[in-house]
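I have placed the structure first, in the form of structure tokens, so that the comments after it can refer back to it.
The numbers here are math on the coordinates, done by the rules we state, and not lab data. The structure presented is a predicted model; accordingly, all values stated were derived computationally and were not measured. Positions of Cβ are generated from backbone atoms using ideal geometry, with glycine treated the same way; all protein chains shown enter the neighbour counts.
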Amino acid sequence: MTTGHESTSKDVVTDVQVRLGQLLSRGLAGDADAYQDFLWRLAGYLRGYMRRRIWDHPDDVEDLVQETLLAVHLQRHTYDPERPFGPWMHAIARYKMVDAWRSRETRAYEVDMPEDGEDLFATPDAEDSLARRDLMKLLARLPEGQRLPIQYTRLGGMTVAEAARVTGMSEAAVKVAVHRGLKALCTLARKVRYANL
Amino acid sequence: MRTSELIRILAADADPVVRSSPRGRLLRAATWGGVASLVLMVLTLKVRADVVQATLLAMFWGKLAFGLMLTAAALELVHRASIPGRTPGAMPVLLAVPPVAIWSVGILDLASAPADERVSLLLGQTWAVCPALITMLSVPFFLATIRAVRSQAPTRLRLAGAATGLFSGAAAAVVYALHCPEMAAPFIGTWYLLGIVTPAAIGWIAGPRLLRW
């Protein structure tokens, strides 16, 4: 039997994990609204989690939140809806945090993170911030075939069909281009982080 | 860029994910690696000339069982090491079973053999090349499997690399058993095991370099 306060916060955390897992599962099945809701909520939790831990470079928090969202997006196919969402998400968040620290001067930094990652889903920070490093600038370094579909679907929120009409590509080709562009962006963001130190 | 803008871009890329199951992907990689490794073995080493007669010997099947059990357990370990949040579970324990089994037989063999035969039980005729040849045959498995692992977002890179190496070595040992003339349990337990552990060590060392995403 646990004290009232303890069991409440643990239940809340579990509920959050279950909720996010359900949203992601629906997103994987093609529910775009659920997926957007998932990403939005996850961003809040990641932001709170990382703000609590990256106390020496607070400017970097939003960059890492965005990079982690991008990573989750690119690897979402590895999430098994039958399994708990928490361990999957925490492993990815932890991996990105350790990678971020490794790219700093303090190479021997021992990351102090609780293994169970309960506090990833504790207190979200829903403030929509500007990242220091602008992913749009990195976007400019992509080849046109990958950059344009991303810019069109972003600028004025064009749908895939509209972007296909404007670029003259097929809808399928637009989707492939966006996906490839995002992968390239992810790699580029890592390289820039390592170069900036 | 505001995070809300990024989210909008990502949501536009959100097609229903066609789930080719992670295990299926690994099995496909293992199959392609197996074909390549078999071809490599046939071209460079040749299947043993007396293979048909050898199938009558218990130890022929013992070698295959040793390799296949390790292969299966290692492949499951690769799967778990490749997916964020999965734990190795009982796999490390399962991996210990074949070596323990072969050495149980091996110790009995050595104990019951005349003293002057013990060295030849252990060294056989091919001890100097066996681990290297198994490592060579593990390369096709390793290349195919590491590609599959990289597509899975592994978060423990050394474990994933070592598991991939272990699987590759074990599968290579199965292929090698079709060529190898040695039949003594002490030999298998030493030199086959060394040939299996070597790719695992290479995978441990190279894991971060190969798998970072």
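Ignoring lysines fewer than eight residues from B:Lys63 along the same chain, the ones with Cα atoms less than 28 angstrom from its Cα are B:Lys46. Hey, what angle do you get for helix B:58-82 against the long axis of chain B, alpha-carbon based, 0 to 90 degrees rounded to 10? With both axes taken from Cα atoms, the answer is about 20 degrees. One equal scatterer on each Cα of the protein assembly as shown, no solvent, Debye formula: the resulting log10 I(q)/I(0) at q = 0.07, 0.08, 0.14 Å⁻¹ is -0.44, -0.55, -1.17. Extension gain for the segment B:Trp61 to B:Ser21, taken as residue separation times 0.36 nm less the Cα-Cα distance, is 11.3 nm to one decimal. Summary value for chain B: 31 percent relative contact order, contacts being C-alpha pairs under 8 angstrom separated by 6+ residues.
Neighbour counts of other Cβ atoms within 10 Å put A:Asp128, A:Asp134 in the fewest-to-most order A:Asp134, A:Asp128. The stretch B:53-101 and the stretch A:47-68 have their alpha-carbon centroids 42 Å apart. FRET efficiency for the pair B:Ser120 and A:Lys137, taken as 1/(1 + (r/R0)^6) with r the Cβ-Cβ distance and R0 = 60 Å, rounds to 0.30. A crude spin-label estimate for the pair A:Ala173 and B:Leu38, with each label 7 Å from Cα along the Cβ direction, gives 4.1 nm.
Note on B:85-92: average number of Cβ atoms from other chains within 10 Å of each residue's Cβ is 3. Of interest is the spacing of the C-alpha centroids, which for the stretch B:198-213 and the stretch A:71-98 amounts to 21 Å. When each of the peptides A:20-32, B:85-97 is scored by the mean number of other C-beta atoms lying within 10 Å of its residues, the order from highest to lowest reads A:20-32, B:85-97. How far is the Cα center of the stretch A:7-33 from the Cα center of the stretch A:156-197, in Å? Value for the Cα centre distance between the two parts: 27 Å.
Spacing of the modelled spin labels on A:Arg180 and A:Asp128, each 7 Å from Cα toward Cβ, amounts to 3.1 nm.
Computed per residue of the protein assembly as shown from DSSP H runs no shorter than four, each worth -39500 (n - 2.57), the mean residue ellipticity at 222 nm is -23000 deg cm²/dmol. Rounded to the nearest 20 debye, the dipole size of the protein assembly as shown about its Cα centre is 1120 debye, using +1 on the Cβ of Lys and Arg and -1 on the Cβ of Asp and Glu.
Relative intensity of chain B on a log10 scale, I(q)/I(0) at q = 0.12, 0.18, 0.19 Å⁻¹, equals -0.65, -1.22, -1.31, per a Debye sum over C-alpha point scatterers of equal strength in the absence of solvent.
What are the lysines whose alpha-carbon lies under 25 Å from the alpha-carbon of A:Lys183, with same-chain residues fewer than 8 places away excluded? Reachable lysines: A:Lys96, A:Lys137, A:Lys175, A:Lys191.
For the residues of A:71-79, the average number of beta carbons from a partner chain within 10 Å of their own beta carbon is 6. Which angle between 0 and 90 degrees, to the nearest 10, do you get for helix B:22-44 versus the longest principal axis of chain B when only C-alpha atoms count? So the helix axis and the longest Cα principal axis differ by about 40 degrees.
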